[in-house]
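Here is the structure we will look at.
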Amino acid sequence: MTDPTPQDTPTPAKRGVPLTELTAWLDTYLRTADFKDWSNNGLQVEGNSVVTRVAASVDTSERSIEDAIASGANLMIVHHGLFWNKPLMVTGPHRRRLQAALDAGLSIYASHLPLDAHPEVGNNAMMAFALSLQNARPAFGIGQMGELPYELTLQDFAERVQKLTGEICLVHGGGGGTGVHRLGIVSGSGAEYITQAAELGLDTLLTGEPEHKHFHDAFELGINVVYAGHYETETFGVRALAARLEEQFGLPWQFLHLPTGL
Ligand SMILES: [Zn+2]
């Protein structure tokens, strides 16, 4: 007689991790309570009580929720969550997002500013590390500043960033031919920090999304600005956090790449 049942060897991932244990760890690790933020950070949607698989996404949308469920995840960690300090009627797309998540038992944990600013897995710390920024230190509230190991032309620097993100950068050479050495980094929407970057004596600011009202600042203050995309500059944190969760709890994870082009 043969036994067709395969040997079942339980792994940490199969047993899973209680959601309460995971969210408590995330709240502490990210120092969620220490940030004043217009995002309601933390566990926004409570799904299954046990987590066996994680999805990481920059945004929460019907599409990212669908993809997370299809990947078999029961926890999705996001940078941009569903709740932003303002009560929302549970209608239209908001209802569909919530219903899909709840029907599938998918929890959603959001971390906005805490995940921009985090010294180990933050969007800005991860970009600083990827660009080999020396003497990297916090700046602009959530960002980083430091020096590249050697000066690059603005074009070469933009190409390095493009290799990192896989997307074309928008380059404003306000420095008038100055290369890139003293660099500031602000993930997401950081054009408002151009003035502060110039005051700090930086030659270049790397940020995500341009704003028309700040176009002239760079040229009048003589500083380069490289816009690498709001989405693209914020993929670093959720990926690093998911990898950190795997290290801590043995949970498999998947990054949901759903670029906005913005
Ligand atoms: Zn953002």
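Just so it is clear, none of the values below were taken in a lab; they were calculated from the coordinates. As the structure is a computational prediction, the values presented were derived from the model and not from experiment. Using ideal geometry, Cβ is built from the backbone for each residue, glycine included, and neighbour counts are taken over all protein chains shown.
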Whole-number Å³ per residue for the convex hull built on Cα positions in the stretch 123-233: 81
Antiparallel as a % of all DSSP beta bridges within the chain, to the nearest 5? 45
Per the Kirkwood formula over distinct C-alpha pairs, the hydrodynamic radius of the stretch 12-112 in angstrom is 13.6
The chain, helix-only ellipticity at 222 nm - DSSP H runs n ≥ 4, -39,500 (n - 2.57), divided by all residues, nearest 500: -10000 deg cm²/dmol
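Work the Kirkwood hydrodynamic radius out for the stretch 96-145: mean of 1/r over every pair of different alpha-carbon atoms, inverted, in Å. Don't jump to the answer; show the numbers that get you there.
Working: mean 1/r = 0.0794 Å⁻¹.
Final number for the Kirkwood radius of the stretch 96-145 is 12.6 Å.
Counting other beta carbons within 10 Å of each residue's own, what order do Ser187, Ser107 fall into, fewest first?
Working: Ser187 30, Ser107 24.
Arranged by neighbour count, lowest to highest, Ser187, Ser107 become Ser107, Ser187.
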Provide, for q = 0.30 Å⁻¹, the log10 of I(q)/I(0) from a solvent-free Debye sum over equal Cα point scatterers in the stretch 151-203. -1.41
Sorted largest first, the Cα spans of the chain on the principal axes come out in Å as 78, 48, 31
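R0 = 25 Å: FRET efficiency of His212 with Trp38, Cβ-based, nearest 0.05? Spell out each step's value before the answer.
Details: r = 22 Å, r/R0 = 0.88.
The formula returns an efficiency of 0.70 here.
Which order, highest average first, do 235-241, 194-200 follow once you tally other Cβ atoms within 10 Å for each residue and take the mean per peptide? Don't skip to the answer; put the middle values down first.
Numbers: 235-241: 24.7, 194-200: 19.7.
In decreasing order of mean packing, 235-241, 194-200 become 235-241, 194-200.
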With springs only between Cα atoms under 10 Å apart, run a GNM on the chain and tell me which of Tyr150, Tyr231, Tyr193 wobbles the most. Tyr150
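Excluding Arg97 itself, what net charge comes from residues whose Cβ is under 14 Å from its Cβ, given Lys and Arg +1 and Asp and Glu -1?
On the way: positive: Arg63, Arg95, Arg96; negative: Asp59, Glu62, Glu66, Asp67, Asp103.
Value of the local net charge: -2.
Taking neighbour counts of Cβ atoms within 10 Å as a proxy for exposure, in what order, fewest first, do Ser189, Ser57, Ser132 appear?
Listed from fewest to most nearby Cβ atoms, that is Ser132, Ser189, Ser57.
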